[in-house]
1. Among the residues of the stretch 69-91, which ones are of a type in the set (Gly, Ala, Ser) and modelled with pLDDT of 95 or more?
2. Taking only the stretch 92-113 into account, find how many residues are over 16 Å from the mean Cα position of the chain (by Cα) and small (Gly, Ala, Ser).
3. Look at Pro89 and say whether it is assigned to a helix (DSSP H, G or I), loosely packed, with under 11 Cβ neighbours inside 10 Å and of a type outside the set (A, V, I, L, M, F, W, C).
4. Can you say whether Leu103 is on the phi < 0 side of the Ramachandran plot, in contact (Cβ under 8 Å) with a residue 24 or more places away in the chain, in contact with a Ser or Thr (Cβ under 6 Å, 6 or more places away or on another chain) and part of a helix (DSSP H, G or I), as far as the supplied structure shows?
5. Of all residues in the stretch 31-58, how many are outside any helix (DSSP H, G or I) and either touching a residue at least 40 places away in the same chain (Cβ under 8 Å) or surrounded by 13 or more Cβ atoms within 10 Å (Cβ to Cβ) (or both)?
6. Quick one: which of Leu82, Leu110, Leu98 is open to solvent by 90 Å² or more (accessible area, probe 1.4 Å), assigned to a helix (DSSP H, G or I) and within 21 Å of Gly11 (Cα to Cα)?
7. For the list (1) open to solvent by less than 40 Å² (accessible area, probe 1.4 Å); (2) on the phi > 0 side of the Ramachandran plot, I need the number of the one condition that Val77 fails.
8. Just one of Leu110, Leu57, Leu98, Leu104 is at pLDDT 95 or above and closer than 23 Å to Leu45 by Cβ; which is it?
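The values are calculated or read from the model by the stated rules, or taken from the named source; none is laboratory data. Here the structure is a predicted model, which is why all the values come from computation and not from measurement. Because the Cβ atoms are built from the backbone with ideal geometry, glycine has one as well, and the counts that use them run over all protein chains shown. Each accessible area value is taken on the protein alone, full model and side chains, heavy atoms only, with ligands, DNA and RNA left out. Shrake-Rupley method; radii C 1.70, N 1.55, O 1.52, S 1.80 Å.
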Amino acid sequence: MGRRLLQLYTGLVLYGVSLTMILLSALGNAPWDVLHQGLSRTVGLGTGTWVIIVGALLLLLWIPLGERPGIGTVSNVIVIGLVIDLLLPRIAEPSEPLVRWALLVCGVGLNGVATGMYIGADLGP
């Protein structure tokens, strides 16, 4: 169980880093991140905070379905949002196109590695 938890949380931190890289590239986001970033810009609060809020609301919708989230699912909502809110305000959005493209490409690649670690830990439903 210890190795799986380490894998889970490493994957989730890397997932938050990868999403931050993609957001900083300003070259396009995944649909959920468009929602989170739009809520942040329109309503306020950090993008990561919206990741947590929207994720928690979605988990509440699981109750009528009788589905119980695992530690990985709950951690997903919290850890990714915290990492984004920790990193995003501390890193300046680059203006150089090459740097932005590098952030996007590396962010997508890292996202794949992080997703594999998270799913591979097998700590969700």
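1. Ser75, Gly81
2. Summing the residues that are over 16 Å from the mean Cα position of the chain (by Cα) and small (Gly, Ala, Ser) in the stretch 92-113 gives 3.
3. no
4. On the way: on the phi < 0 side of the Ramachandran plot: yes; in contact (Cβ under 8 Å) with a residue 24 or more places away in the chain: yes; in contact with a Ser or Thr (Cβ under 6 Å, 6 or more places away or on another chain): yes; part of a helix (DSSP H, G or I): yes.
Spelling it out, Leu103 is indeed on the phi < 0 side of the Ramachandran plot, in contact (Cβ under 8 Å) with a residue 24 or more places away in the chain, in contact with a Ser or Thr (Cβ under 6 Å, 6 or more places away or on another chain) and part of a helix (DSSP H, G or I).
5. 2
6. Leu82
7. Condition (2) is where Val77 drops out.
8. On inspection, the qualifying residue turns out to be Leu57.
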